[in-house]
Amino acid sequence: MLAVLAVLTAGLLAFHRAVPNSAWHMGSLLEAFLPWLGVVVVVLLVLALLRRSALALVALLLPVAAWTHLFGGLFLPGAEPGPGDLVVVQHNVSDENADPAGTARALADAGPDLIALEELVPTALPVYEKALAPDYPYHAVRGTVGLWSKHPLTGARPLDIKPRGIAEGWHRGLRTTVHTPHGAVAAYVAHLPSVRIRASGLASSWRDESAGLLGEAIAAESRDRVILLGDLNGTVDDRGLAPLTSRMNMADRGFAFSFPAGFPLARIDQVMARSATVGRIRTLPATGSDHLPVAARIGWG
């Protein structure tokens, strides 16, 4: 039985795309927590050692190899920083954050070039603007998302990523141009609809539709250099984000599980780029939000 479970775990890791998504979105649900199958492998290993089962130990080589192929590279050292790199921070600050000033200071203390924020509410927005102004003189806010920058911003506009069925007044997308010392970059900030795990499975239809709209906007972007920062309510393994992950580069080092802040299970806060590399991604200390901030370095070399 242990050997059978080991082979099944290896199959889920290696062929997760083959798990159908038509019923209950089981494929996306599996992919949201795919790295955690490594815990299953560890449990099976302990049981195999206790049972002294040579067959199970040999069978466990399959899921170990599959997990290492998918995620082992995330542990490797990152590339050396380049002179034109951008350091970015992405954070869903929570519309229930009781300490927006403290949150702003914590993010600024990390010293990034860009800070993308989601769930900006009207009562907290002036606090973020005041706290970040000394180090980030340029910012753009559209709806509940915003971008603060050390470099000039131009052409900020809202981005329509609202799925059908969501009421008017839902504005969670922003596109602007960042004029860095090494050239202009199109910057997108987005907050995709939430997903829910229910008895009927994973409810992600709105998230998937919004990801498709965002992917189309990025595909139509005229600038070669593009960065995307946002709470995408999905992991990079989730096929629901394929309209984005098929067009953008993701972090090649680090896990940076960002949600929920109290016991992070998945990274749903993402940093992606086109015509650039995203280096190691890491979490920053907790703020007053239910998400952890994530930081990454984007290189253009």
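The values are calculated or read from the model by the stated rules, or taken from the named source; none is laboratory data. A quick note: this is a predicted structure, and the numbers were derived from the prediction, not measured. With ideal geometry, Cβ positions are generated from the backbone for all residues, glycine too; neighbour counts draw on all protein chains shown. Accessible surface is based on the protein model in full, side chains and every heavy atom, while ligands, DNA and RNA are left aside. Shrake-Rupley method; radii C 1.70, N 1.55, O 1.52, S 1.80 Å.
Tabulated data
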| quantity | calculated |
| --- | --- |
| Rotationally averaged projected area of region 143-188 (alpha carbon convex hull; nm²) | 3.4 nm² |
| Alpha carbon convex hull of the chain, volume per residue in cubic angstrom | 143 Å³ |
| Alpha-carbon centroids, region 160-196 and region 24-88: separation in whole Å | 32 Å |
| Counting all C-alpha pairs of region 188-288, share separated by more than 22 Å (%) | 29 percent |
| Residue order for Leu213, Leu13 - accessible surface, 1.4 angstrom probe, largest first | Leu213, Leu13 |
| Rg/Rg_ref, region 1-75, where Rg_ref = 2.2 N^0.38 Å and atoms are Cα | 1.14 |
| Excluding exposed DSSP-loop trypsin sites (Lys or Arg not before Pro) (at most 16 other C-beta within 10 Å), longest clean stretch of the chain | 53-163 |
| Other-chain or far-sequence residues with amide H under 5 Å of His291's (modelled H) | Ala261 |
| Rg/Rg_globular for region 127-206, with Rg_globular taken as 2.2 N^0.38 Å and Rg from C-alpha atoms | 1.37 |
| Cα-Cα pairs of region 1-126 separated by more than 17 Å (percent) | 71 percent |
| Scattering curve values for region 100-249, log₁₀ I(q)/I(0), Debye with Cα scatterers, q = 0.12, 0.19 Å⁻¹ | -0.52, -1.20 |
| Length-normalised contact order for the chain - Cα pairs under 8 Å, 6+ apart - percent | 19 percent |
| Probe 1.4 Å - accessible area at Asp109, Å² to nearest ten | 130 Å² |
| With every protein chain in place, the chain: carbon and sulfur % of accessible area (1.4 Å) | 62 percent |
| Dipole magnitude of the chain, debye to nearest 20 (Cβ charges: Lys/Arg +1, Asp/Glu -1, about Cα centre) | 600 debye |
